[in-house]
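**Student:** Before I ask anything, here is the structure I am working with.
The values are calculated or read from the model by the stated rules, or taken from the named source; none is laboratory data. Given the structure is predicted, the values throughout are model-derived calculations rather than measurements. Positions of Cβ are generated from backbone atoms using ideal geometry, with glycine treated the same way; all protein chains shown enter the neighbour counts. Remember, those area values only see protein heavy atoms, side chains included, never the ligands or the DNA or RNA. Shrake-Rupley method; radii C 1.70, N 1.55, O 1.52, S 1.80 Å.
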Amino acid sequence: AYLNMDTESSGINAEYGECQYGSPFSCLTVLSILNMDYLIDKKRMAAVVTFAVVAVITVSVIIAVSVHKEEKSAVELIAADLKSENIRQNTIYFSAEPHPAGSARNLELANEIKLRWESYGFDEVLENDYEVLLSLPTEESYIKYGTNVYQPMNNEGSNVIPPYNAFAKNAKVSGSLVYVNYGRVEDFETLIDLGVNITGAIALCRYGKIFRGSKAQNAHEKGMVGMILYSDPSDSGSGMGKVHPDGQWLPDTGVQRGNVKSIKGDLSTHLYPSYAGGYHASGEELAAIAPKIPVIPIPFNDAKPLHQLIGK
């Protein structure tokens with residue numbers, strides 16, 4: 001089997017604050033709660049603040065109980081103003097087009113969020129600049145076995161990035177193909193106990209049980225040179241219920257995207273904010289904490305012939 005993963009990591013100036021590590025969808029959760037048209041009633045807010053202050057400076061059980069009841073009442077009042085149709089329309093709006101981190105569309109949505117929050121009466125909505133290391137494919141990856149070649153195809157439109165696992169190593173590797181189940185430590189130990197030689201091999205692994213980055217890290221530590229990930233129907237597809245568009249589960253043609261880095265946050269500023277002009281790791285320092293093997297995600301439909309190839 002021959003595995004190629006071609007990606008490029010580049011610093012992208014993300015001109016939006018809290019969504020620097022991904023799309024504004026995380027902000028959408030907040031927007032959904034606010035319901036996009038909810039304007040805070042100053043009288044209600046003043047009442048909540050008053051009771052909160054009283055709770056801090058008093059030791060009276062009676063007053064504390066009263067505060068708790070008033071806070072609960074405020075939550076109920078906010079919930080009563082939520083409208084499911086507004087949440088539906090905003091979900092459609094924010095998910096209508098691809099908006100990967102660092103893209104023009106992502107910035108447009110961030111600006112839209114800022115404008116809406118300002119329209120709700122917030123005193124100030126801050127916008128900060130961050131320089132975040134992103135991982136984007138520069139060419140289509142491919143898997144070659146025998147005379148067959150598989151490439152993650154982009155059938156959803158020219159503005160959709162083909163399936164890839166962000167921050168996987170940019171490399172071309174070859175080796176025998178070994179099925180490693182979920183890629184957990186115990187899965188690799190089982191293979192070793194059975195006498196299976198996995199050194200220098202490429203792992204065929206299904207999503208689930210543990211983080212995808214941990215799967216890749218485990219494979220690297222056991223001497224494997226690459227990994228192919230797929231979603232098994234028994235975990236997230238037809239084995240769980242009806243698949244899209246008739247249900248919520250992933251069809252056999254679906255691919256799970258996601259990064260495979262083993263640390264949280266920006267790789268180039270690990271444990272620190274990604275401020276523009278600040279220190280950003282590069283070269284050997286960055287390579288030391290980045291994933292060590294190429295990883296490619298594929299749909300279950302394309303994993304079937306690979307299973308047949310290795311008889312599993």
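**Student:** Report those strands (runs of 3 or more DSSP E) wholly inside the stretch 111-224 carrying at least 2 residues which are open to solvent by 40 Å² or more (accessible area, probe 1.4 Å) and not basic (Lys, Arg).
**Tutor:** On the way: elements: 130-137, 142-145, 148-150, 171-174, 177-179, 202-206.
Per the criteria, 130-137, 148-150.
**Student:** Got a sec? Which of ASP302, ASP266, ASP252 is in contact with a Gly (Cβ under 7 Å, 6 or more places away or on another chain) and either surrounded by 15 or more Cβ atoms within 10 Å (Cβ to Cβ) or within 24 Å of LEU134 (Cα to Cα) (or both)? Don't jump to the end; show me each part of the working.
**Tutor:** On the way: ASP302 fails: in contact with a Gly (Cβ under 7 Å, 6 or more places away or on another chain); ASP266 fails: in contact with a Gly (Cβ under 7 Å, 6 or more places away or on another chain).
Result: ASP252 is the single residue among ASP302, ASP266, ASP252 that is in contact with a Gly (Cβ under 7 Å, 6 or more places away or on another chain) and either surrounded by 15 or more Cβ atoms within 10 Å (Cβ to Cβ) or within 24 Å of LEU134 (Cα to Cα) (or both).
**Student:** Would you mention how many residues in the stretch 225-249 are of a type in the set (S, T, N, Q) and open to solvent by 80 Å² or more (accessible area, probe 1.4 Å)? Lay out the reasoning, then the answer.
**Tutor:** From the stretch 225-249, those of a type in the set (S, T, N, Q) are 231, 234, 236, 238, 248; that's our starting set.
Restricting the remaining residues to those that are open to solvent by 80 Å² or more (accessible area, probe 1.4 Å) gives 248.
Of the residues in the stretch 225-249, 1 are of a type in the set (S, T, N, Q) and open to solvent by 80 Å² or more (accessible area, probe 1.4 Å).
**Student:** Same structure again: I'd like to know if the stretch 87-95 contains one or more residues that are under 30 Å from TYR275 (Cα atoms), of a type in the set (Gly, Ala, Ser) and either loosely packed, with under 13 Cβ neighbours inside 10 Å or over 19 Å from the mean Cα position of the chain (by Cα) (or both).
**Tutor:** No, the stretch 87-95 contains no residue that is under 30 Å from TYR275 (Cα atoms), of a type in the set (Gly, Ala, Ser) and either loosely packed, with under 13 Cβ neighbours inside 10 Å or over 19 Å from the mean Cα position of the chain (by Cα) (or both).
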